[in-house]
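Note sheet for the following structure.
The values are calculated or read from the model by the stated rules, or taken from the named source; none is laboratory data. Predicted model only: the values in this text are computed from it and were never measured. Using ideal geometry, Cβ is built from the backbone for each residue, glycine included, and neighbour counts are taken over all protein chains shown.
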Amino acid sequence: METQAEIADAIRQSTGPDLPVQTQLSTNQKVIARVTDGIYRQPGSALRELISNAYDADATRVTIKTDRPRFSSILIEDDGLGMSPDVLAYLIKNIGGSAKRTGTGESLGITQDDDVSLSPSGRKLIGKLGIGIFSVSQLTRSFQIITKVTGDAFRTVAIVKLNQFSEMPTEGPEDGEFQAGEVLLWREYTPDINDHGTTIVLTQIRPQTRGTLQSTNIWEAVDNPIETEEGSLATAFVPQYHIGRLDDNSDFLTKGVKELQALPWKDDDSPSEAFSKLVGSVWASLVTDNPNPKLDVMFDNYLQMIWELSLALPIPYVEGHLFDEPVADDWADFFALSNEPKGGARPLHTSSGDKVRDLLELRNGLDVTLLPFTVYIDDLELRRPIRFRNLPVSSHALKKPLVFLGKIEEHFVGLPITFSAGPLAFEAYFYWTPKIAPVDHRGALIRIHGASGSLFDHTFFRYQVSEQTRLRQITCEIFVSQGLEPALNIDREAFNTAHPHMVYIIKWVHSALRQLATAQKRAAQVIREESRQQARQQVSDALQLIVETANREHTSGEGAVPDVVFTDTSRESSSAKQIPLSFTIESNAQHSYERRAIFASESSSKQAADKHEKSMRAIIQVLSIYGVLEQLAPMEQENMLRAIADILRTEYV
């Protein structure tokens, strides 16, 4: 049964479930048309896919030149394996049918012989759908590919022109094959036989893409303030950092800006220094004038794209991986997350030579050393823009970050693969600190084999517990090493939350947040109690110093400082009436008073009551040292002290 008509006839002849019609589902060519027409939301997404292709091709270096701020052309160059004529032919004739992770990929030399999920050098492959190269349709309708493999005396050149898909009715059969575009190919001799890699040249950049990269929307808002209901003008803010703006002649404009460009780095900075300064500018903003820095407020569209690309790629961190940080200097408190349904986070004790990864035998990040991967965009060397140490100090009771570590290797024993979707393995950290910068880093980010397109989910996958303040103080990364890939949407920028692996991860994240909240509350409570104890001790020490000074000045230190006792003896007690309120013994002096007789009204808190009593005890001691109490009858002492206590009470209510 192959045609629709044959299937329709078979359905008509089927009289019940005993004689069903069985056939295969087929995909309409419009799906491919949609892919080649552009499925990504931002220009940066297209660059991300091209960089991922270079990574899968074992490139160690990717260089992108954007001709900013004009963006008349974009060049992407890598030193990967390159594409042989066989690979290139397969690519252009199999859109959406990647040879990666298949036997075809093995025969084409783009995967390992014994493991098609790995590149020839052993990298875990990122791509799998075979549409990455056509992400350029987001940027332009035509592009050039120049590629070469080592050992070949020729390089291959391809000029690709993509067709624009239209929803308008067309002539011909509905299920006709969609022509994605045209390709011109030829070979050119090159004397550099050992060279290898791929260069993609994008020209005729789409006007809307160029406008996005030039932040046209921002500058138009600056030029055209909106009148509010009150009659005043609401002017858009110029980004703190930007690459400048151009007029119709592609010359820099100064209207509305102090400088042609405002960049946090200098022209003579190295690419790595320049990127470090870009990251540092966000934290500097937090300290100076912006308590909640946001990328779309601080940066123009180009710089924001740079930042988001840096988060998405399998590249090193700007100041090192959290798992590689030493723990000897006690810069943070570490906890192991429990995988039990009602488990709790367990404090981790460290040794002098340990790294964070040693605490739970974490492996993420170790593969970076096998084959380096560096990405340059214009004058920046991209790194993951997440810092973990030397952060600004806040007024929060907890001065050190709290780091919660966890890992999972779940094989779903007893469940068929149709229900479990196969094994799932990941490692994760939850990093709590009073301030997260930028605010875009609040939330959870999932990486699969080091790459991500989803950015941070600030809701932590719709965590419903009312912990908004605490959630704003947490950044989390989940490093998936096995599974979850089928849950990725086609644009790799979101997940199917109904997929079994995603359901498992969401449940695990919510359990981890509960454990984090419990441990953080407990740690903050301990710190607060220590602070209170310290404050109380400081008050006691100060009062004791005052009393000792009075005794030294009045008696030359020869007099005994009397003890003062406040009792809860009932006023109606007959025995209490016979005990004098003040008495002296040669070897020791003591003053005893009924507590409620002196403190007529209770203080608002136990802490205030304790402080009140300590102050009164010191006053009584000073009065005794100077002999004032000896001149008064017991009832007069009580009346005087109650009046003093009432005066002090106004300070402690």
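In the range 604-653, which residue that is free of Cβ contacts under 8 Å to residues at least 12 places away in the same chain and of a type in the set (Val, Ile, Thr) is surrounded by the fewest Cβ atoms within 10 Å (Cβ to Cβ)?
It comes out as 650.
I need every pair where a residue in the range 39-57 that is not assigned by TED's automatic domain parsing to the domain that holds residue 124 and modelled with pLDDT of 95 or more has its Cβ under 7 Å from the Cβ of a residue that is surrounded by fewer than 23 Cβ atoms within 10 Å (Cβ to Cβ) and part of a helix (DSSP H, G or I), sequence separation at least 6 or different chains.
Every condition considered, no pair remains.
Residue check, residue 394 against (1) more than 11 Å from the chain's Cα centre (by Cα); (2) of a type in the set (Gly, Ala, Ser); (3) at pLDDT 95 or above, all met but one. Which one?
Residue 394 satisfies all of (1) more than 11 Å from the chain's Cα centre (by Cα); (2) of a type in the set (Gly, Ala, Ser); (3) at pLDDT 95 or above except (3).
Residues to consider are 25, 91; find the one that is hydrophobic (A, V, I, L, M, F, W, C), at pLDDT below 90 and part of a loop (DSSP other than H, G, I, E, B). Reasoning before the result, please.
Details: 91 fails: part of a loop (DSSP other than H, G, I, E, B).
Every option except 25 fails the conditions.
Considering only residues of the range 381-430 that are among the β-branched types (Val, Ile, Thr) and part of a loop (DSSP other than H, G, I, E, B), which is farthest from residue 503 (Cα to Cα)?
Quick first cut of the range 381-430, residues among the β-branched types (Val, Ile, Thr) only: 386, 393, 403, 408, 413, 417-418.
After this cut, where a residue has to be part of a loop (DSSP other than H, G, I, E, B) as well, the list is 386, 393, 413.
Numbers: 386: 27, 393: 37, 413: 17 Å.
Step by step, filter the range 381-430, then rank; the result is 393.
Can you tell me which residue within the range 431-458, out of those that are assigned to a strand (DSSP E or B) and of a type in the set (D, E, K, R), is surrounded by the most Cβ atoms within 10 Å (Cβ to Cβ)? First the steps, then the outcome.
Step one: filter the range 431-458 for residues assigned to a strand (DSSP E or B), giving 431-432, 443-448, 451, 457.
Still in the list and also of a type in the set (D, E, K, R): 447, 457.
Values: 447: 24, 457: 19.
The residue in question is 447.
Confirm whether residue 348 is surrounded by fewer than 19 Cβ atoms within 10 Å (Cβ to Cβ), touching a residue at least 12 places away in the same chain (Cβ under 8 Å) and within 14 Å of residue 402 (Cα to Cα).
When the stated conditions are applied, residue 348 passes them.
Considering only residues that are more than 32 Å from the chain's Cα centre (by Cα) and surrounded by 12 or more Cβ atoms within 10 Å (Cβ to Cβ), which ones fall in the range 207-249?
The answer is 223, 225, 246.
Out of all the residues in the range 68-83, which are part of a loop (DSSP other than H, G, I, E, B) and acidic (Asp, Glu)?
Our first condition is that a residue be part of a loop (DSSP other than H, G, I, E, B); within the range 68-83, this holds for 68-72, 79-83.
Result: 79, single match.
Anything in the range 282-324 that is modelled with pLDDT of 95 or more, in a helix (DSSP H, G or I) and of a type in the set (Asp, Glu)? List them, or say none.
Across the range 282-324, the qualifying residue is only 308.
So which residues in the range 462-498 are under 27 Å from residue 401 (Cα atoms), hydrophobic (A, V, I, L, M, F, W, C) and surrounded by fewer than 19 Cβ atoms within 10 Å (Cβ to Cβ), if there are any at all? Don't jump to the end; show me each part of the working.
So in the range 462-498, the residues under 27 Å from residue 401 (Cα atoms) come out as 462-481.
Narrowing further to those that are hydrophobic (A, V, I, L, M, F, W, C): 465, 471, 474, 476, 478-480.
Passing the criteria: only 465.
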